[in-house]
1. Write down the accessible area per residue of the chain in Å², having rolled a 1.4 Å probe over the full set of protein chains.
2. Based on the Cα atoms of the chain, what semi-axes does the equivalent ellipsoid have, where each is the square root of 5 times one gyration tensor eigenvalue, given in whole Å with the largest first?
3. How far is it, in nm, from the label point at E43 to the one at S123 when both lie 7 Å from their Cα along the line to the Cβ?
4. If you place +1 on the Cβ of every Lys and Arg and -1 on the Cβ of every Asp and Glu, how big does the dipole about the Cα centre of the chain come out, in debye to the nearest 20?
5. Between R10 and T60, what length in nm is gained on full extension when 0.36 nm per residue of separation is reduced by their alpha carbon distance?
6. Once phi is turned into ³J(HN,Hα) by the Karplus curve 6.51 cos²θ - 1.76 cosθ + 1.60 with θ = phi - 60°, what whole-Hz value does each residue of the range 49-60 show in order, with x for glycine and proline?
7. Would you be so kind as to identify which of Q29, P40, Y94 lies farthest towards the positive end of the dipole of the chain, taking Lys and Arg as +1 and Asp and Glu as -1 on Cβ and the Cα centre as origin?
8. For Y110, what is the net charge nearby, where nearby means another residue's Cβ is under 12 Å from its Cβ and Lys, Arg count +1, Asp, Glu -1?
Amino acid sequence: VQLQASGGGRVQAGGSLRLSCVVSGRTDQSYFMAWFRQAPGKEREFLGGIRWKGATTPQTDSAKGRFTISRDNAKNTVYLQMNSLKPEDTAVYYCAAKTILGGYNAAAEYPYWGQGTLVTVSS
């Protein structure tokens, strides 16, 4: 399974970006997908996840009300819509996938990762 994240870039504070993550390879399984981010010098942070049929998990406080996760299974793609971006949102954003049920907010739960896409928010 390969994950390809895209959509990062530089944006001013208050702006929006939509990240995409395309799953390729073995796409016949029902993957639980999640978005994480990692700022310089910080641990990888869970932002939120989405189940195969579209139900989303609770999001981290930093994402609530500003970030929305969605998926299009026909396109094998998961999205992270980010609005009202702040300089503290600057990080490398990763998508991740797993097939095994269980916990979802720990990076160690995920065997499959995208390469990351950099988001820079300027003030």
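The values are calculated or read from the model by the stated rules, or taken from the named source; none is laboratory data. Here the structure is a predicted model, which means the values were calculated and not measured. Backbone-built Cβ (ideal geometry, glycine too); neighbour counts: all protein chains shown. Heavy atoms of the whole protein, side chains included, go into the accessibility calculation; ligands, DNA and RNA do not. Shrake-Rupley method; radii C 1.70, N 1.55, O 1.52, S 1.80 Å.
1. Per residue, the chain has an accessible area of 52 Å².
2. After diagonalising the Cα gyration tensor, the semi-axes are 23, 14, 13 Å.
3. Inter-label distance under the simple model: 2.7 nm.
4. So the magnitude is around 200 debye.
5. Residue separation times 0.36 nm, minus the Cα-Cα distance, leaves 15.7 nm.
6. 3J(HN,Hα) across the range 49-60, in whole Hz: x, 9, 7, 3, 8, x, 5, 9, 8, x, 9, 5.
7. Q29
8. +1
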